1. Just one of B:46, B:20 is closer than 30 Å to residue A:6 by Cα and either within 14 Å of chain A (Cβ to nearest Cβ) or touching a strand residue (DSSP E or B) at 6+ places or on another chain (Cβ under 6 Å) (or both); which is it?
2. Residue A:101: on the phi > 0 side of the Ramachandran plot and at the interface with chain B (Cβ under 10 Å from one of its Cβ atoms), yes or no?
3. Pull up the stretch A:26-44, narrow it to residues that are open to solvent by 20 Å² or more (accessible area, probe 1.4 Å) and under 13 Å from the mean Cα position of the chain (by Cα), then point me to the one that is farthest from residue A:91 (Cα to Cα).
4. Keeping to the stretch B:7-32, report how many residues are within 22 Å of residue A:102 (Cβ to Cβ) and not in a loop (DSSP other than H, G, I, E, B).
5. Would you mind stating whether residue A:78 is touching an Asp or Glu at 6+ places or on another chain (Cβ under 6 Å) and modelled with pLDDT of 95 or more?
6. Mind listing whichever residues of the stretch A:1-25 are away from every other protein chain (no Cβ under 14 Å), surrounded by 15 or more Cβ atoms within 10 Å (Cβ to Cβ) and either free of Cβ contacts under 8 Å to residues at least 24 places away in the same chain or aliphatic (A, V, I, L, M) (or both)?
7. Sort out which residues of the stretch B:59-73 are open to solvent by 50 Å² or more (accessible area, probe 1.4 Å), assigned to a loop (DSSP other than H, G, I, E, B) and not hydroxyl-bearing (Ser, Thr, Tyr), and write them in order of number.
Amino acid sequence: GAGVSQSPSNKVTEKGKDVELRCDPISGHTALYWYRQSLGQGLEFLIYFQGNSAPDKSGLPSDRFSAERTGGSVSTLTIQRTQQEDSAVYLCASSLGGQGGETQYFGPGTRLLVL
Amino acid sequence: AQSVTQLDSHVSVSEGTPVLLRCNYSSSYSPSLFWYVQHPNKGLQLLLKYTSAATLVKGINGFEAEFKKSETSFHLTKPSAHMSDAAEYFCVVSDSFSGNTGKLIFGQGTTLQVKP
């Protein structure tokens, strides 16, 4: 079946602009995660959605970052007023129930470059 | 608090020789441990995972890892390296208690180079 998909695959933007990154999880997966992979920080958790529960936003680095998940499926990560330090690969993952120990399936990522 | 330490940032082996990638973890609860692999310009792929069943876990492509609670280690091994194994490997921990969000904590990664 189809895996996790993300779009765009690459995004180049100018400092100060807003960007939106999209994630389509695996059908039937109730949990969705966003992670960021950067040279300086490695791979770090950003935000977690599980069904209709309030998201866990504990990993968002600043209030310029926000995310939503509509209809329990597609998710959009928005970065407002982008900064050069936001340049990274943004990875989305989904899992069946969102519990510890479950396998998370990752998308190919969106490579963001802020000039 | 959870954390993962990958003891080597770079490992180089010759094709056909054994691979050992070392990982130590810290967790307040019973951990779930994973190894993921990332080939250049590709997504993360699960190699194997430990979730409190057998301590020796077998994964894809001939890889295996052993959970050693007394040493808080979860080293990844393969008897014979193949050129296609060259990639970045991540050791990952997630707490397994009820109500946990399942968010993953990643190590810094180990780059495996395989020489012909």
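1. B:46
2. The answer is yes for residue A:101.
3. Pass one, the stretch A:26-44, residues open to solvent by 20 Å² or more (accessible area, probe 1.4 Å): A:26-30, A:36-41, A:44.
Within this subset, residues satisfying the condition of being under 13 Å from the mean Cα position of the chain (by Cα) are A:36-37, A:44.
Values: A:36: 6, A:37: 7, A:44: 10 Å.
It comes out as A:44.
4. Filtering the stretch B:7-32 for residues within 22 Å of residue A:102 (Cβ to Cβ) gives B:23, B:25-32.
Those left that are additionally not in a loop (DSSP other than H, G, I, E, B): B:23, B:25-26, B:31-32.
So the count comes out to 5.
5. So residue A:78 fits the description; yes.
6. A:19, A:21
7. Residues satisfying the conditions are B:69, B:71.
For every residue, the table says whether it meets (1) closer than 24 Å to residue A:42 by Cα; (2) touching a residue at least 12 places away in the same chain (Cβ under 8 Å); (3) not hydrophobic (A, V, I, L, M, F, W, C).
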{"position": "B:21", "(1), (2), (3)": "yes, yes, no"}
{"position": "B:32", "(1), (2), (3)": "yes, yes, yes"}
{"position": "B:61", "(1), (2), (3)": "no, yes, yes"}
{"position": "B:74", "(1), (2), (3)": "yes, yes, no"}
{"position": "B:87", "(1), (2), (3)": "yes, yes, no"}
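The values are calculated or read from the model by the stated rules, or taken from the named source; none is laboratory data. These numbers were taken from a predicted model, which means no experiment stands behind them. Using ideal geometry, Cβ is built from the backbone for each residue, glycine included, and neighbour counts are taken over all protein chains shown. Keep in mind that these areas ignore ligands, DNA and RNA; they rest on the heavy atoms of the full protein, side chains included. Shrake-Rupley method; radii C 1.70, N 1.55, O 1.52, S 1.80 Å.
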